[in-house]
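Read through the structure below, which is laid out as structure tokens, and then see the notes.
The values are calculated or read from the model by the stated rules, or taken from the named source; none is laboratory data. What you see is a predicted model; the values in this text were computed from it and never measured. Reconstructed Cβ throughout: ideal geometry from the backbone, glycine too, with neighbour counts over all protein chains shown.
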Amino acid sequence: MSKFHLKAGDTVVVITGKDKGKKGKIISVEPKSGKIVVEKINMVIRHSKPRRQTDIGGRLDKEAALYASKVMRVCPKCGKPTRIGRKVLENGEKSRYCKQCQEIID
């Protein structure tokens, strides 16, 4: 298992693929497979069959997972896609920072 530079709730921009240039918020992170799920990005159609009388069948739009290397974190301070660095603060806490504006992200 490798260290992951993204967390759920981060805003990211897609840098490659069919959704290039789109922004979205991360819904879930899967560090074991190196994939993330971003809302309204990489939409696929899932066909479902009604199993009970109360269920509704048909085509459902759903977000599919994509590799984390295809996205870049958007800095909340400067608003640009950026790489993420890690710092150890004076009090011993680890935090992420924007490599463009050097601001602490969290």
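Got a sec? Which of Cys78, Cys101 is at pLDDT below 95, hydrophobic (A, V, I, L, M, F, W, C) and touching a Lys or Arg at 6+ places or on another chain (Cβ under 8 Å)?
Result of the check over Cys78, Cys101: Cys101.
Taking the stated definitions as given, is Ile36 in a loop (DSSP other than H, G, I, E, B), buried (at least 16 other Cβ atoms within 10 Å of the Cβ), in contact (Cβ under 8 Å) with a residue 24 or more places away in the chain and within 14 Å of the chain's Cα centre (by Cα)?
no
Among the residues of the stretch 22-53, write down those that are more than 18 Å from Asp10 (Cβ to Cβ) and not hydroxyl-bearing (Ser, Thr, Tyr).
Lys32, Met43, Val44, Ile45, Arg46, His47, Lys49, Pro50, Arg51, Arg52, Gln53
Report yes if some residue within the stretch 62-84 is in contact with a helix residue (DSSP H, G or I) (Cβ under 6 Å, 6 or more places away or on another chain) and within 27 Å of Tyr97 (Cβ to Cβ); otherwise report no.
Within the stretch 62-84 (the criterion being in contact with a helix residue (DSSP H, G or I) (Cβ under 6 Å, 6 or more places away or on another chain) and within 27 Å of Tyr97 (Cβ to Cβ)), the answer is no, since none of the residues qualifies.
Please give the number of the condition Ile56 fails out of (1) more than 30 Å from Glu103 (Cβ to Cβ); (2) β-branched (Val, Ile, Thr); (3) touching a Ser or Thr at 6+ places or on another chain (Cβ under 9 Å); (4) modelled with pLDDT of 95 or more.
It fails just one condition, (4).
Consider Ser95 against the criteria (1) touching a His at 6+ places or on another chain (Cβ under 8 Å); (2) among the small types (Gly, Ala, Ser); (3) closer than 18 Å to Ala8 by Cβ: it satisfies all of them except one. Which criterion is unmet?
Against the list (1) touching a His at 6+ places or on another chain (Cβ under 8 Å); (2) among the small types (Gly, Ala, Ser); (3) closer than 18 Å to Ala8 by Cβ, Ser95 comes up short only on (1).
Name, by its number, the condition in (1) exposed (fewer than 12 other Cβ atoms within 10 Å of the Cβ); (2) among the charged types (D, E, K, R); (3) at pLDDT below 95 that does not hold for Lys20.
With (1) exposed (fewer than 12 other Cβ atoms within 10 Å of the Cβ); (2) among the charged types (D, E, K, R); (3) at pLDDT below 95 applied to Lys20, the lone miss is (3).
I'm told Thr82 meets every condition in (1) surrounded by fewer than 11 Cβ atoms within 10 Å (Cβ to Cβ); (2) under 15 Å from the mean Cα position of the chain (by Cα) except one. Can you identify the failing condition by its number?
(1)
Out of (1) within 26 Å of Arg86 (Cα to Cα); (2) assigned to a loop (DSSP other than H, G, I, E, B); (3) of a type in the set (A, V, I, L, M), the odd one out for Ile56 is which?
If we test Ile56 against (1) within 26 Å of Arg86 (Cα to Cα); (2) assigned to a loop (DSSP other than H, G, I, E, B); (3) of a type in the set (A, V, I, L, M), just (1) comes out false.
Kindly indicate the residue of the stretch 59-75 that is touching a residue at least 40 places away in the same chain (Cβ under 8 Å) and not in a strand (DSSP E or B) and also farthest from Phe4 (Cα to Cα) among those meeting that condition.
The selected residue is Lys70.
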